[in-house]
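One structure is given below, encoded as structure tokens.
The values are calculated or read from the model by the stated rules, or taken from the named source; none is laboratory data. Remember, predicted model here, so these are calculated numbers, not experimental data. Here the Cβ is made from the backbone with ideal geometry for all residues, glycine too, and neighbour counts use every protein chain on show. These accessible areas exclude ligands, DNA and RNA; they are computed on the full protein's heavy atoms, side chains included. Shrake-Rupley method; radii C 1.70, N 1.55, O 1.52, S 1.80 Å.
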Amino acid sequence: LGLPAAPSPAVVPDAVAPGPAVALLGADPAVDWAEPDRRIGLDLTPNDPYFLNDPYTGLGEWGLRKIQADKAWDLVRGSSQIIVAVVDTGVDPAHPDLASALLPGVAFNSSPSAGCGQPLRDDNGHGTHVAGIIGASGNDGVGVVGTAFGVRILPLKALDCEGTGVVGDIAQAIVYALNNGARVINVSLGAPT
């Protein structure tokens with residue numbers, strides 16, 4: 001039951017650069033495909049504990065797996081050069097999966113509901129949730145992973161603790177986002193008209 005000997009690696013003289021060596025090998029009729037030798041790695045499956053499983057449903061971030069975000073992450077991930085504005089109820093600046101991605105936030109909620117006040121922080125939770133879907137730190141062993149982890153989040157609070165606000169405040173937040181480098185603006189809200 002002897003195993004065949006391992007093939008000897010191809011030896012290319014030191015004087016031949018990788019590009020021409022690949023071309024030389026590729027021109028050989030006995031070779032179907034040639035490419036330069038390079039380092040490769042496993043596909044990214046983030047080590048964030050709730051990516052594959054969570055204590056609530058056991059499904060983890062099934063939506064990211066369904067859209068095959070992990071396959072996209074093998075090609076490209078979010079860039080810190082990209083600013084994503086989240087026009088919402090604010091974002092919790094102390095959230096462990098978001099703190100490193102957040103830019104200083106700005107509040108635009110000029111007429112909050114009674115009892116809400118005008119805090120810059122997220123006093124509802126919706127904006128923090130949305131920001132996490134977009135840009136929660138990935139592969140850091142904490143919580144969840146965001147779809148475009150690596151981007152910077154610009155939190156713009158235009159909605160109050162009840163998740164309501166006025167159209168003028170939302171419009172001001174959008175203009176602010178455009179004037180401050182946002183390449184993407186998320187506005188997860190609706191109106192009857």
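Taking the criterion of being open to solvent by less than 40 Å² (accessible area, probe 1.4 Å), touching a strand residue (DSSP E or B) at 6+ places or on another chain (Cβ under 8 Å) and over 15 Å from L102 (Cβ atoms), would at least one residue in segment 174-185 satisfy it? So far as segment 174-185 goes, no, none of its residues is open to solvent by less than 40 Å² (accessible area, probe 1.4 Å), touching a strand residue (DSSP E or B) at 6+ places or on another chain (Cβ under 8 Å) and over 15 Å from L102 (Cβ atoms).
For the structure I just gave you, tell me whether A148 is among the small types (G, A, S), open to solvent by less than 70 Å² (accessible area, probe 1.4 Å) and in contact with a strand residue (DSSP E or B) (Cβ under 6 Å, 6 or more places away or on another chain). If you could, list the steps in order and put the result at the bottom.
Details: among the small types (G, A, S): yes; open to solvent by less than 70 Å² (accessible area, probe 1.4 Å): yes; in contact with a strand residue (DSSP E or B) (Cβ under 6 Å, 6 or more places away or on another chain): no.
Taking the combined requirement at face value, the residue does not satisfy it.
Can you name the residue in segment 104-135 that is touching a residue at least 60 places away in the same chain (Cβ under 8 Å) and in contact with a helix residue (DSSP H, G or I) (Cβ under 9 Å, 6 or more places away or on another chain) and is also surrounded by the fewest Cβ atoms within 10 Å (Cβ to Cβ) among such residues? It would help to see each step written out before you state the result.
Within segment 104-135, the subset touching a residue at least 60 places away in the same chain (Cβ under 8 Å) is 106, 108-109, 126.
Cutting the leftovers down to in contact with a helix residue (DSSP H, G or I) (Cβ under 9 Å, 6 or more places away or on another chain) gives us 106, 108-109.
Details: V106: 18, F108: 21, N109: 26.
By that ranking, first place goes to V106.
Looking across segment 119-140, the residues that are modelled with pLDDT of 95 or more, in a loop (DSSP other than H, G, I, E, B) and of a type in the set (S, T, N, Q) come down to N124, S137. Residues in segment 46-84 that are over 11 Å from the mean Cα position of the chain (by Cα) and under 10 Å from V145 (Cα atoms): P46, N47, D48, P49, Y50, F51, E61.
Please find, within segment 56-103, the residue that is least open to solvent (accessible area, probe 1.4 Å) out of those that are part of a loop (DSSP other than H, G, I, E, B), farther than 14 Å from D122 by Cβ and among the charged types (D, E, K, R).
At the first step, the residues of segment 56-103 found to be part of a loop (DSSP other than H, G, I, E, B) are 56-61, 67-68, 74-82, 89-98, 103.
Subset that is farther than 14 Å from D122 by Cβ: 56-61, 67-68, 74-82, 96, 103.
Right, trim to among the charged types (D, E, K, R) and you get 61, 74, 77.
On the way: E61: 35, D74: 64, R77: 114 Å².
Residue satisfying both the conditions and the ranking: E61.
Being assigned to a strand (DSSP E or B) and in contact (Cβ under 8 Å) with a residue 40 or more places away in the chain, is that true of even one residue in segment 158-181?
So in segment 158-181, the residues assigned to a strand (DSSP E or B) come out as none.
No, that holds for no residue.
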